[in-house]
Amino acid sequence: STMRERKATDPLHSSTDLTEGKEKLRLKREVSLISGVSLIAGTMIGSGIFMSPEWVLHHMGNPASSLLIWAACGLLAMFGALSYAELGTIIKESGGEYIYILRIFGSFPAFLFAYTSVILVRPAGLAAVCLSFAEYAIAPFYPGCSSPQVAVKCTAAACILILTIINCLNVRLATSVMNIFTAAKLLALLVIVVGGLVLLAKGQTQSFQNGFQGTTAGIGAVGVAFYQGLWSYDGWNNLNYVTEELKKPEVTLPRALMIAIPLVTCLYLLVNVSYLAAMTPSELLSSGAVAVTWGDKVLGSWAWLISLSVALSTFGSSNGTFFSGGRVCYIAAREGHLPDILSMAHVRRLTPSPALLFTSAMSLIMIISGSFTSIVNFFSFMAWLFYGMTISGLLYLKIKKPELPRSYKVPIIIPIIVLMAAVYLVLAPIIDQPQIEILYIVLFIFSGIIFYFPLVHFKYHPRFLQRVTLHLQLLLEVAPTTRDAN
């Protein structure tokens, strides 16, 4: 059948085995602790820290409160990640929120998440990062004027196609790209941090005098400031999407989170201090690209290094987003919630290439129609809606099923704080500044009902889809995979 449910199967460690005369295919465990830290930090450090600071400052009204928002976003990301680490040691399957919602709440809400995530959320996030990559990559070719939109969108599309090829060829190649680009972007941020410390040592502290003057008090404005800040931290949950590909997941998952997120939070705070040391708040607000303005002021003729660093940073982040986003599509198909072809892996390369190709196609559509700021706000709204649902699932397991084996436990107060923050982030902008687009998003989520009942619940599978699946299987050289039984 075109969509079918698979049962959990057998051993854990090899990529193929022979059972009852049938060869079984599964993804390899190739993500180590270093690659895990790179996946989290490399996806988190993308375009956000180079583009969001002016928006956080704009919504908060002054430097000191904007720095508090950055610190609070880092703390919230850490709390969310620690909660997800416990979920990852109870449910040792790839798929992140999707698999947790499926195992805790059942098929229908999991399908709505998969439908929304695969068609809208993940491709939108990838499109936003690739668009910002394109802006910085081609800026040097158009000095003194804004880059033409056609050139930006063509460059972003080329970025997605290159990422598709890398991720379809080999998992190890994709993780190597992540490791290299993470090192490059950490170096770029360190340059900004050191530059800022030098400016502070010279006494450039005027931005921090009367730091809290003119703070914004509206709950909606604070909520939107959080959205922009949290966009820069997005990716804290990415390791949970590839649990089945982690070496020793029960150790690697919590350890990688505890290394990567505090590191990124410290860097973000120091980079924001550096921006404010180099620029007055009004200069920062009028800057189209904060990092480039900083480079012009501090590095002079070496300012091109910042544009190059941002391009490298956003490319590396796109790779991490693409790597984990393709897994959601693959796992949802494996559970029978998406067309069967998307659950298959290449017979030799052991990569989920049909799911990656589908994610790539949806992202290309988003690039044609989307803009950066609108994508960020609505991406954040949908993301925190499902984060809240997942965290409530963890609280249910902690209270109702404490006997379940787990190698790591998070104090119950931490998921409670994350759940309260998620409720605030979803409701505050609706209450304070209701927008018609949020209604469209909610309608889109529930439009999944039209597909769920005939295709998943009643298992109606048109015959022509089975023929299409067979032809695609032969064309792409893919075969069904089995799941690790943990």
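The values are calculated or read from the model by the stated rules, or taken from the named source; none is laboratory data. For clarity, every value in this text was computed on a predicted model and none was experimentally measured. Cβ: placed from backbone, ideal geometry, glycine included. Neighbour counts: every protein chain shown. Accessible surface is based on the protein model in full, side chains and every heavy atom, while ligands, DNA and RNA are left aside. Shrake-Rupley method; radii C 1.70, N 1.55, O 1.52, S 1.80 Å.
Residue check, ILE416 against (1) buried (at least 21 other Cβ atoms within 10 Å of the Cβ); (2) under 24 Å from GLU250 (Cα atoms), all met but one. Which one?
(1)
So which residues in segment 77-116 are within 15 Å of the chain's Cα centre (by Cα) and surrounded by fewer than 24 Cβ atoms within 10 Å (Cβ to Cβ), if there are any at all?
MET78, THR116
Is there a residue being within 18 Å of GLY325 (Cα to Cα), out of contact with any strand residue (DSSP E or B) (no Cβ under 8 Å at 6 or more places or on another chain) and surrounded by 21 or more Cβ atoms within 10 Å (Cβ to Cβ) anywhere in segment 186-198? Show your work before the answer.
Just the residues of segment 186-198 that are within 18 Å of GLY325 (Cα to Cα), to begin with: none.
Within segment 186-198, not a single residue is within 18 Å of GLY325 (Cα to Cα), out of contact with any strand residue (DSSP E or B) (no Cβ under 8 Å at 6 or more places or on another chain) and surrounded by 21 or more Cβ atoms within 10 Å (Cβ to Cβ).
Per-residue answers, yes or no, for (1) open to solvent by 20 Å² or more (accessible area, probe 1.4 Å); (2) assigned to a helix (DSSP H, G or I); (3) closer than 19 Å to GLY229 by Cβ:
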site	(1), (2), (3)
SER392	yes, yes, no
LYS398	yes, yes, no
SER407	yes, no, no
LEU425	no, yes, yes
ALA428	no, yes, yes
LEU439	yes, yes, no
VAL442	yes, yes, no
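Of the conditions (1) over 30 Å from THR164 (Cα atoms); (2) in contact (Cβ under 8 Å) with a residue 12 or more places away in the chain, SER353 fails just one. Which one is it?
SER353 satisfies all of (1) over 30 Å from THR164 (Cα atoms); (2) in contact (Cβ under 8 Å) with a residue 12 or more places away in the chain except (1).
Among the residues of segment 45-56, is there at least one that is at pLDDT 75 or above, open to solvent by 10 Å² or more (accessible area, probe 1.4 Å) and not small (Gly, Ala, Ser)?
yes
Show me the helices (runs of 4 or more DSSP H) entirely contained within segment 273-382 in which 3 or more residues are closer than 27 Å to LYS153 by Cα and open to solvent by 10 Å² or more (accessible area, probe 1.4 Å). Show your work before the answer.
Numbers: elements: 281-286, 290-298, 304-334, 353-369.
Where helices (runs of 4 or more DSSP H) fall fully within segment 273-382 and carry at least 3 residues being closer than 27 Å to LYS153 by Cα and open to solvent by 10 Å² or more (accessible area, probe 1.4 Å), they are 290-298, 304-334, 353-369.
Is there a residue being more than 26 Å from ALA361 (Cα to Cα), touching a Pro at 6+ places or on another chain (Cβ under 7 Å) and small (Gly, Ala, Ser) anywhere in segment 85-107?
Yes, segment 85-107 contains at least one residue that is more than 26 Å from ALA361 (Cα to Cα), touching a Pro at 6+ places or on another chain (Cβ under 7 Å) and small (Gly, Ala, Ser).
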